[in-house]
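**Q** Pasting a structure below so you can have a look.
None of the figures in this text is laboratory data; all of them are computed from the coordinates on show. Quick caveat, the model's predicted, so the values are computed rather than measured. Here the Cβ is made from the backbone with ideal geometry for all residues, glycine too, and neighbour counts use every protein chain on show.
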Amino acid sequence: MSVINIEKEHNLTDDQLETIAEGIGNSLVARYGGGTQWRGDRLCYSLPGSVDAYVEWDDSQVTVHAELGLMMVMLKPVITAEIERELENHL
C-alpha cells in the first residue's frame with residue numbers, strides 16, 4: 001500500500017469547501033466508480049481494491065489523504081499530480 005497526503009492552505013468558507021468536495025467526489029464516482037460518504041466532517045471516497053481517500057479541512061488548511069491499493073501504486077505520481085491540480089483549480 002502507498003499513501004498520498006497533501007495539505008494546501010485556503011481562505012474559503014465551510015459551505016464553499018463542502019460544495020467543492022461534493023463536486024469532486026461526484027466526478028470521481030462518475031468517472032471511476034466507487035462511492036462517497038460523509039463521515040463527520042470528512043468526505044470519504046472508496047473504490048474497493050484501488051483507493052480509499054478522504055478530504056477534510058479546518059479554518060486555513062485542506063488535507064487530502066489517499067491510500068492506494070497494490071494495483072494503483074504505479075499510478076501514484078499521476079494521482080498525486082491530479083489531486084494537486086484539482087486543489088490548485090478550486091482553492
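**Q** Compute the helix-to-body angle for 14-32: its Cα long axis versus the longest principal axis of the chain, expressed 0 to 90° and rounded to tens.
**A** On a 0 to 90 degree scale, this one is about 20.
**Q** Here's another thing I want to ask about it. Give, as a single signed number, the net charge of other residues whose beta carbon lies under 12 Å from the beta carbon of ILE83, with Lys and Arg counted +1 and Asp and Glu -1.
**A** -2
**Q** Also, I was wondering about something else. Which angle from 0 to 90°, rounded to the nearest 10, does the C-alpha axis of helix 76-90 make with the longest principal axis of the chain?
**A** Approximately 20 degrees, to the nearest 10.
**Q** Further question: Can you tell me, using C-alpha contacts under 8 Å and at least 6 residues apart, the relative contact order of region 1-67 as a whole percent?
**A** Details: 98 pairs, mean separation 26.4, N = 67.
Worked out over region 1-67, it gives 39 percent.
**Q** Work out the length of the dipole vector of the chain about its Cα centre, built from +1 on the beta-carbon of each Lys and Arg and -1 on the beta-carbon of each Asp and Glu, and round it to the nearest 20 debye.
**A** The dipole magnitude comes to about 520 debye.
**Q** Report, in deg cm²/dmol and to the nearest 500, the calculated mean residue ellipticity at 222 nm for the chain, where each DSSP H run with n ≥ 4 adds -39500 (n - 2.57) and the sum is divided by the residue count.
**A** -12500 deg cm²/dmol
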